[in-house]
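Structure, as structure tokens:
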Amino acid sequence: MVWSILGGMADFDVTRFRSHFPALAEGAAHFDGPGGSQVPRSVASAVADTLCSAVANRGQNTAAERRADAIVLDARRAAADLVGGTPDGIVFGRSMTQLTYDLARTLAKDWGPGDEVVVTTLDHDANIRPWVQAAEARGATVRWADFDATTGELDVAAVTGLLSERTRVVAVTAASNLLGSRPDVPAITAAAREVGALSYVDGVHLTPHTLVDVGALGADFYACSPYKFFGPHLGFVAARPALLETLAPDKLAPSTNAVPERFELGTLPYELLAGTTAAVDFLAGITPDAESRRAALATAFDAVARHEEALMARLEDGLEAAGRVTLHGSRARRRTPTVLFSVDGLAPAEVHARLARRGVNAPAGTFYALECSRRLGLGDAGAVRAGIAPYTTEAEVNTLVEEIAGIAES
Ligand SMILES: Cc1ncc(COP(=O)(O)O)c(C=O)c1O
């Protein structure tokens, strides 16, 4: 068990939590979670156990076929529990980027000149370029919603002001992977729905930090990547099965036309799906007294949020006090525990390299949020990003702050 429940509140024990992650024994302080988290032993075991078991293509005759089938169905249930979706609406793919390209091409099949798609400058390129290129291929128009570079926020009006009855898709992030800022997604998706447009929400950066409810977000499509929340490297999209039924992706002639399989090109990575289920179970902690996995996840995310918020406040206060440090977009009202900063007069890559020499992993760059970085005036070099994860300790935050203070003084 990962969590201990005391008086109805999950008591987060970071030392105990960390003991589940073999990689943390290497000693580095991992502020690189937004790029991909470390993996608990149970996830690695689920992947390895699947590879060491008899597995065939899905079917019901042999034990190997039944195992493959069960792995897929379990993973759909786990992913649906995590984001509040429907198992039959979970589409697995190699990555969020690949799934978004596939869905953009599919949705664009009936676009033409005069149709419009809305993208935002706050988004990761994976939720921009597939839409821009699909629109280009069909002669449709791209409308850009701009965020406020001072606050880091994307105002609802910046999106809604671009909507018309010709809008076909609104692509928006649930949280910026560069700044952590969280747009008001329910308001944006409601406005999209009102003009008859679909919403495609990038949940890659939000999902590790809060219990998502795709229904409450109003997202027609919600994309995320298990390798950001302790799972293996793959992606999934959650959508309503009835919506998926209306779409015709390019696919092989002999492959099933069933939903969601119709969208899953080729053979699924069974071992990674088993790892995804294990990651959700790890997050939930599977407390014996929880009434459901979803309920256990709610308790777990509450505990994680309290832990992360406390460390985030400490990190920002420390960096602000360090001098010669600029925090970017830190005034956004709602954020994930992700901090983007520069040390005045030093290239971000140099700061990253110096931290790495001290065992602190806080990389620098645009992290593919290229438009966002340019809009912030950080160009293609970006800045240094430090993400707090559930396994981050107060001592690690203190080390990062001290190292940055030292670098700023030198
Ligand atoms: C916000 C966001 N969206 C999309 C992606 C792309 O995800 P994937 O690597 O699964 O394609 C990332 C990856 O860093 C991300 O942070």
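Worth a mention:
- Where strands (runs of 3 or more DSSP E) fall wholly inside the range 108-226, the ranges with 1 or more residues that are over 22 Å from the mean Cα position of the chain (by Cα) and in the same structural domain as residue 242 (by TED's automatic domain parsing) are 116-120, 141-145, 167-173.
- Number of the condition not met by residue 79 [criteria: (1) under 21 Å from the mean Cα position of the chain (by Cα); (2) more than 15 Å from the ligand (Cβ to nearest atom); (3) within 30 Å of residue 191 (Cα to Cα)]: (2)
- Filter pass, residue 126 being within 12 Å of the ligand (Cβ to nearest atom) and modelled with pLDDT of 95 or more: yes
- If the condition is being buried (at least 20 other Cβ atoms within 10 Å of the Cβ) and either closer than 20 Å to residue 260 by Cβ or within 16 Å of the ligand (Cβ to nearest atom) (or both), then the range 108-123 contributes 108, 119, 120, 121, 122, 123.
- Matching residues in the range 343-358 - criterion: being under 15 Å from residue 387 (Cα atoms) and touching a strand residue (DSSP E or B) at 6+ places or on another chain (Cβ under 6 Å): 352
- When the criteria are applied in full, residue 369 meets the requirement of being crowded, with 23+ Cβ neighbours inside 10 Å, within 20 Å of the chain's Cα centre (by Cα) and not assigned by TED's automatic domain parsing to the domain that holds residue 70.
- Filter pass, residue 15 being over 21 Å from the mean Cα position of the chain (by Cα), over 21 Å from residue 204 (Cα atoms), modelled with pLDDT under 95 and not charged (D, E, K, R): yes
- Residue match in the range 38-54 (condition: within 16 Å of the ligand (Cβ to nearest atom) and crowded, with 19+ Cβ neighbours inside 10 Å): yes
- Scanning the range 251-277 for residues that are in contact (Cβ under 8 Å) with a residue 40 or more places away in the chain and outside any loop (DSSP other than H, G, I, E, B) gives 263, 270, 271, 272, 273, 274, 275, 276, 277.
- Residues that are within 14 Å of the ligand (Cβ to nearest atom) and either out of contact with any Ser or Thr (no Cβ under 9 Å at 6 or more places or on another chain) or acidic (Asp, Glu) (or both) within the range 197-231 comprise 202, 212, listed in sequence order.
- Odd one out for residue 105 among (1) away from the ligand (no atom under 16 Å from the Cβ); (2) in contact (Cβ under 8 Å) with a residue 12 or more places away in the chain: (1)
- Criterion (surrounded by 15 or more Cβ atoms within 10 Å (Cβ to Cβ), of a type in the set (Ser, Thr, Tyr) and within 24 Å of residue 71 (Cβ to Cβ)) met by exactly one of 276, 299: 276
The values are calculated or read from the model by the stated rules, or taken from the named source; none is laboratory data. All values derive from a computational prediction rather than experimental measurement. Heads up, the Cβs are rebuilt from the backbone with ideal geometry, glycines too, and the neighbour counts pull from every protein chain shown.
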